[in-house]
1. Are any residues in the stretch 67-84 buried (at least 19 other Cβ atoms within 10 Å of the Cβ) and more than 12 Å from the ligand (Cβ to nearest atom), and if so, which ones?
2. Please pick out the residue among E405, E330 that is farther than 28 Å from W273 by Cβ, within 21 Å of the chain's Cα centre (by Cα), of a type in the set (D, E) and within 16 Å of the ligand (Cβ to nearest atom).
3. Which of the strands (runs of 3 or more DSSP E) found entirely inside the stretch 311-421 contain at least 1 residues meeting this: within 18 Å of T41 (Cβ to Cβ)?
4. Among T347, T412, T358, which is the only one that is within 16 Å of the ligand (Cβ to nearest atom), in contact (Cβ under 8 Å) with a residue 12 or more places away in the chain and more than 16 Å from the chain's Cα centre (by Cα)?
5. Please state which of the following conditions D32 fails to meet, knowing it meets all the rest: (1) over 28 Å from D247 (Cβ atoms); (2) in contact with a helix residue (DSSP H, G or I) (Cβ under 8 Å, 6 or more places away or on another chain).
6. Suppose we filter P393, P322 for residues that are touching a His at 6+ places or on another chain (Cβ under 9 Å), over 25 Å from F37 (Cα atoms) and within 11 Å of the ligand (Cβ to nearest atom); which single one remains?
7. Scan the stretch 65-82 and report the pairs whose first residue is in a helix (DSSP H, G or I) and whose second residue is of a type in the set (S, T, Y), with Cβ atoms within less than 6 Å and a gap of 6+ or a chain change.
8. Quick check on T265: is it assigned to a helix (DSSP H, G or I), closer than 30 Å to E178 by Cβ and out of contact with any Asp or Glu (no Cβ under 6 Å at 6 or more places or on another chain)?
Amino acid sequence: MVKHVELPSAQPIPYIREFPLIGSLPAILRKDRLTFFVRATQHRAVCGLHMGPVPLILFNRAEHVQSILVEHAYDFGKGQLIHKAFGGNGLFVSEGEFHRHQRKLMAPLFQPRHIAAYAETMVLYGERLQQEWQDGAVVDLNSHMIALTMSVIGKALFDADVFNETDELGAAMSMVYEYTVHKLFSPLMPPLSWPTPRNLRFRKAMEVLHDRIQHMIDERHRSNTLRSDFLSVLLQAKDEDGKRMSDSQLMDECLTLFGAGHETTSAALTWTWYLLCQHPHVYQKVHQEVESVLQGRPPKYDDLARLPYCLQVFKETMRLYPSAAGIVREALHDIEIGGYLVPKGYTVIVSPYILHHTPAYFPDPETFDPERFVPEREKQLPRYAYIPFGAGPRICLGNHFALMEGQLLIATLAQRVHFTLVPGQTIEPDPVHNLALRPGGKVEVVVEKR
Ligand code: HEM
């Protein structure tokens, strides 16, 4: 029997009905697990379930987000689940004081005035991609959006051309990503020291990434020329005591930014095109905005304020399909959240997916409606009900970068091409084989040049 833990709290955690021993594991391993989570938690502010023997507590209200991710941020750690899957000590996994220190060092890199310089890169790569496509061609948006966002972050981070996955650096990153997904969802993984084909491929990929990035670090140490890529800026960053990051920490941060900086954004962009194809009246409004503002020229940073509808579309896409469907934490000590006592070591989840699909926050939640993000209406949303980038001191470091990239790439591509979905495809989120919430398999569209 699965042990249903009684928490010594004012209110008992309501556990859902589950199988003995395995709990909700079969449902959690299914492709449609998000529907399961939404159904299981419906109308419940808090809900407990088991992944095998491991209890998970889902907190499903905006005020819980504030409590867990903001007010008690440092009473929770990332937890074993995350540390098991992601190696190193980059910003995404680092904890406590060290995280605070690194975050302070890296935050200036992502301030709007610094990232403005990358607008040009985003547009340039978007233009380059659409130029490759022939009128009438059938292309897979899932893989093209990955290549596009990987090229953008590669250029921003290293000033390197990582335009497609045939590039050694891009291919190695994809391999490491695939391995991480496997590790996260496979209960039984052979130790990395065993020479299984997957382990060997992963070790080779890590070697390539380490060699190439170390080479770039060495080159910047030697060079007197001041460059503006993230790596060069990170290399110069000093803390209050004038100390710089070690090369090995720099390596971990580069790997974190390279990984975090493309997968999530590409998933959101793929869903954007999918939703636009499904909603022609919205797609038409995007075309109209882009045509009237840009009149045929590529967008620039200064145009962002004049392309509000593109941003609304991107935000509404991330409401329906938040790239990070669940945010996981582990209690560092017994702590009370919303009247419930979470014991030390327990895993809690706040799910942007569940929150974004809660009718009390988003009436008619399954409807794609970019008007929800007209600024006056957006301001009225309950605080912490919309959290595609998380919240609190661990909120996505690249959120401004990602929003700018989404908005600019929608404008760039919508100006030059129109997509139509190839009929007969089943396009659904596949949270089992991906870290970010993205469609499983291809998303094929016919390209019409404009
Ligand atoms: C649509 C695009 C993106 C989405 C939806 C997204 C989402 C998120 C979320 C939800 C978190 C918080 C995770 C947690 O609290 O456990 C996060 C953290 C992070 N993201 Fe993003 N992200 C996106 C793009 C980016 C980009 C473009 C970069 C960098 C260029 C980036 C870098 C990071 C980093 C470094 C962290 C860790 C921050 C910390 O723990 O202090 N992300 N992201």
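Bear in mind these aren't lab numbers, they're just calculated from the coordinates by the rules spelled out. From a predicted model like this one, the values you see are computed outputs, not experimental measurements. FYI the Cβ positions are ideal-geometry reconstructions off the backbone, even for glycines, and counts take in every protein chain you see.
1. S67
2. Testing whether each residue is farther than 28 Å from W273 by Cβ, within 21 Å of the chain's Cα centre (by Cα), of a type in the set (D, E) and within 16 Å of the ligand (Cβ to nearest atom) leaves just E330.
3. The qualifying strands (runs of 3 or more DSSP E) are 327-331, 335-337, 340-342, 347-350.
4. Result of the check over T347, T412, T358: T347.
5. Among (1) over 28 Å from D247 (Cβ atoms); (2) in contact with a helix residue (DSSP H, G or I) (Cβ under 8 Å, 6 or more places away or on another chain), the lone unmet condition for D32 is (2).
6. That would be P393, the only listed residue that is touching a His at 6+ places or on another chain (Cβ under 9 Å), over 25 Å from F37 (Cα atoms) and within 11 Å of the ligand (Cβ to nearest atom).
7. Going by the 6 Å Cβ cut-off, the qualifying pairs are V65/Y384; Q66/Y384.
8. In short, no.
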